[in-house]
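Engineer: Before I ask anything, here is the structure I am working with.
Readers should treat all values here as calculations from the given coordinates under stated rules, not as data from a laboratory. Only a predicted model underlies this, so the values are computations on that prediction, with no experimental measurement involved. Here the Cβ positions follow ideal geometry from the backbone for every residue, glycine too, while neighbour counts run over all protein chains shown.
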Amino acid sequence: MPRPPAKEVPRWRRGKDIDPLLSAGRLSGRDAEQIARAYARIAPQQTAGTKAEVNDTLARTGAWRWRRHTAPFIWIACLLLGAYGLRLTAHPFAYAMIASVVVPALMFWGTRHLSPYAAHTSAAWGVITSVWLPSLASLGFSPPLPGLLALNWAVCAALWVRHYRWRPHAPEQPAPEPAGDEVTWARLTAERKWNAHLGTAGKLGGGGRRYPIQCDGIKTTIGTVLAASENIAGAWHKPMTEAYAERDPLGITSRGYLTILGRESLMTVREWTRTGMDPQTGLAVIGRYADGSDARVKFYTPRFGTKHALISGTTGSGKSELLHLLIFVALVTGWFVPIVLDPQEGQSLPFWRDRVLYAAGVDECHRMLRGLHAGMLGRSRYLSGLRWDDEGIAMRGMPFFDYELTGLPMPLIIFDEAHMALKGTTKQERGIVEDVVEIGRLGRKTGTALWLATHIPGLTDLGGEQALRDMLRGGNVVSMRTANRVGGPMLGLEKDPSEIPKFFADGKETYGLGYCAGPDNRPDAPMRSDLVPKAMRLQVPPVPVLDDRFLEAMDAAMGTQGVLLPSGEVPQPAEPDGEAPEGRRCVDAVWQVLSDAGKPMERGEIIKWVSELVTTGWGREEPFTIRSITTALKTLTDSGKITKDPNRAVYQAAER
Ligand SMILES: Nc1ncnc2c1ncn2[C@@H]1O[C@H](COP(=O)(O)OP(=O)(O)OP(=O)(O)O)[C@@H](O)[C@H]1O
Ligand SMILES: [Mg+2]
């Protein structure tokens, strides 16, 4: 506890410094004053009104209460006694004139160590004494002198008592909030034995404030503070979403932040701003932290590749809504091709069922993953031989993925309810796990992102594959409220998402509330995901298509089922066959292949022979796209020129 400045202690009191806390049991007026000074010093508004706070505090301590108020009485008593004594002498006026010089000088000298107010008042009283002493000594106590003296004294006494408080001002008034935070923090650190103090508060909206925490880094680190997140929230009597500590985003372990918010900062739902990913940084806003700043995830890094993500949370916590938002972000950006895997038979994201590539049910998910895996390997093959220009240096093979260098769209695999397909018990599920792990491993360099949502981020929900979880965690982690405790190693979060309250104070559910360990480096700050405005459902951005190479590899791997194309309106890329002359169109090539074969052919076979025919026989530079061949097959089937096996993708010319 800091000592009062030495000049405030008169020489005759020095050496008798008493620890005020130790002597709390026998509190003297001086000790009460010391405590009051120390208490007032804690408050940050020390600059203004420190004396007033000390006096208020002193007025509250019974031990001190009347001590200073006696000063005007002592002064008037001494003045009267002095005047009376002078009147008894042989030359009252002469002696009084001497006294009127000596007494003010003594009063000034004897009180110079006191506070400026006391010293100045004492000097003023000395001057008044120098007037009254000769008057009383020579004229005596006959009227109107006593009345005038009483009036003069009453004014002086009233000013004195006004300054030193007759009773505390508004004793029930609570301490102002910043002072309260300091005191609460001091109590918390004393109780937890932390060596950490708060810096100057930064103001946040809605009455919130954010303090830097500085730990000594030896006995206490920010990790020690974070481990007691429940105590921090408890000390301010708030939920953990309104009073919380977090690490310094720069990763300095002796520093952090304490955020105290006004009520319900995350209670209001924020709408998505309809902005996509920033092409320079690959960052996209998906929500906001409790202090109002944007919560972002990373989709992609130029000359590096894509980022994966692991999203977890109990049922109804907001995972699918977040995936819905991510699809919109991807489409607005225009670089990504969302591919939805929904083992829950298409119930998780039904809005996208006819709009993007969509696999519903475990079987379709399995086939789609086979196709994606093959497409990804095909792209790896292509990138390994790609010739490109690296700032003037001719390069062959690209050991990373870059959208702008390759112009290839990036498949964004949205795998909701992944635990349903990743049990790993049946042969099919084991195949799914293998493909997903491979996509996780190789996806980055081929521009394939895997955004996987599951209820519990435990290994049982991830096919027992630690490698899969590690790869997903290497990207973004978003954890909504979980039903049970989620251990640190599962997600790399220090806060437990199961501690997120189920309801806000007004009884509304805390949908979309969670933690995000992403590029903001704020895994300890609660966030809430943004909600896609309903109106966006009528303004779905164009869905890009995958490049033909990727689609062909997918198609070949998916066998007779082919790529599960969305049935809705999807913008088509500029098709070269649209400009082809009569007799050289895609439909002509398909018809020629089937009529020449004269036997049933599988779709994959048709695609292969059509490509062969048009590139070698017709001399086209590029083969027709799979989409064109699929459309041609449909046109010919509809016109009755070819027939299709009702159970399989097998076609035959109706006539030669
Ligand atoms: N950020 C948010 N703000 C407001 N409401 C939200 C938010 N996120 C989700 N919701 C609402 O919460 C409800 C549940 O969300 P959602 O279906 O995404 O949960 P889920 O985690 O996918 O659940 P399940 O695992 O059962 O599929 C929905 O009504 C959704 O509109
Ligand atoms: Mg869901």
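Engineer: In the range 489-523, what trypsin sites (Lys or Arg not before Pro) fall in a loop by DSSP, with at most 14 other Cβ atoms inside 10 Å?
Structural biologist: Answer by residue number: 502, 508.
Engineer: If I model a spin label at residue 483 and residue 650 as a point 7 Å from the Cα along the Cα→Cβ vector, what separation in nanometres do I get?
Structural biologist: 4.6 nm
Engineer: Also, I was wondering about something else. Counting only other residues whose beta carbon sits under 12 Å from that of residue 443, what net charge do I get with K and R as +1, D and E as -1?
Structural biologist: After counting each charged neighbour, the total is +3.
Engineer: Extension gain residue 154-residue 498, at 0.36 nm per residue separation less the Cα-Cα distance, in nm?
Structural biologist: Details: separation 344, 0.36 × 344 = 123.84 nm, distance 6.74 nm.
117.1 nm is the gain from fully extending residue 154 to residue 498.
Engineer: Can you classify the range 572-653 as rounded, prolate or oblate using the Cα gyration tensor, where a ≥ b ≥ c are the square roots of its eigenvalues, rounded means a/c under 1.5, and otherwise it's prolate if a/b beats b/c and oblate if not?
Structural biologist: Taking the square roots of the gyration eigenvalues as a ≥ b ≥ c, the range 572-653 is prolate.
Engineer: Where in the range 403-422 does the label zone of residue 363 land, with the point 7 angstrom along Cα→C-beta and an amide N cut-off under 13 Å?
Structural biologist: No residues fall inside that zone.
Engineer: Test of the criteria: in the range 111-144, which chymotrypsin sites (Phe, Trp or Tyr not before Pro) are in a DSSP loop and have at most 13 other Cβ atoms within 10 angstrom of their Cβ?
Structural biologist: Within the range 111-144, the qualifying chymotrypsin sites (Phe, Trp or Tyr not before Pro) (loop, at most 13 other Cβ atoms within 10 Å) are 141.
Engineer: Right, here's the next one. Suppose each label sits 7 Å from its Cα in the direction of the beta carbon; what would the residue 639-residue 105 distance come out to in nanometres?
Structural biologist: 12.8 nm
Engineer: Let me ask another. Give me the distance between the Cα centres of the range 509-531 and the range 371-419, rounded to whole Å.
Structural biologist: 30 Å
Engineer: If I stretch the segment between residue 618 and residue 267 completely, what's the gain in nm (0.36 nm per residue apart, minus their alpha carbon distance), one decimal?
Structural biologist: The residue 618-residue 267 span can extend by a further 119.9 nm.
Engineer: Which of the pairs 423/495; 307/423; 298/495; 319/445; 193/219 have their Cα atoms more than 18 Å apart in this structure?
Structural biologist: Numbers: 423/495 27 Å; 307/423 24 Å; 298/495 21 Å; 319/445 27 Å; 193/219 9 Å.
423/495; 307/423; 298/495; 319/445, as the Cα separations exceed 18 Å there.
Engineer: Treat every Asp and Glu Cβ in the range 283-538 as -1 and every Lys and Arg Cβ as +1, leave all other atoms uncharged, and give the resulting dipole magnitude about the Cα centre to the nearest 20 debye.
Structural biologist: 280 debye
Engineer: Report the GluC sites (Glu not before Pro) located in the range 360-455 that are in a DSSP loop and have at most 14 other Cβ atoms inside 10 Å of their Cβ, or state none.
Structural biologist: 391
Engineer: Next up: When the label point is put 7 Å from the Cα of residue 400 along its Cα-to-beta-carbon vector, which residues of the range 299-314 have a backbone N closer than 14 Å?
Structural biologist: 300-307
Engineer: Another one. List every residue whose amide H lies under 5 Å from the amide H of residue 270, counting only residues 5 or more places away in sequence or on a different chain, with H placed 1.01 Å from N in the peptide plane.
Structural biologist: Correct list: 531.
Engineer: Quick check: pseudo-label points 7 Å beyond the Cα along Cα→Cβ at residue 377 and residue 470, how many nm apart are they?
Structural biologist: 2.3 nm
Engineer: How would you order 331-337, 598-604 from highest to lowest mean count of nearby Cβ atoms within 10 Å?
Structural biologist: 331-337, 598-604
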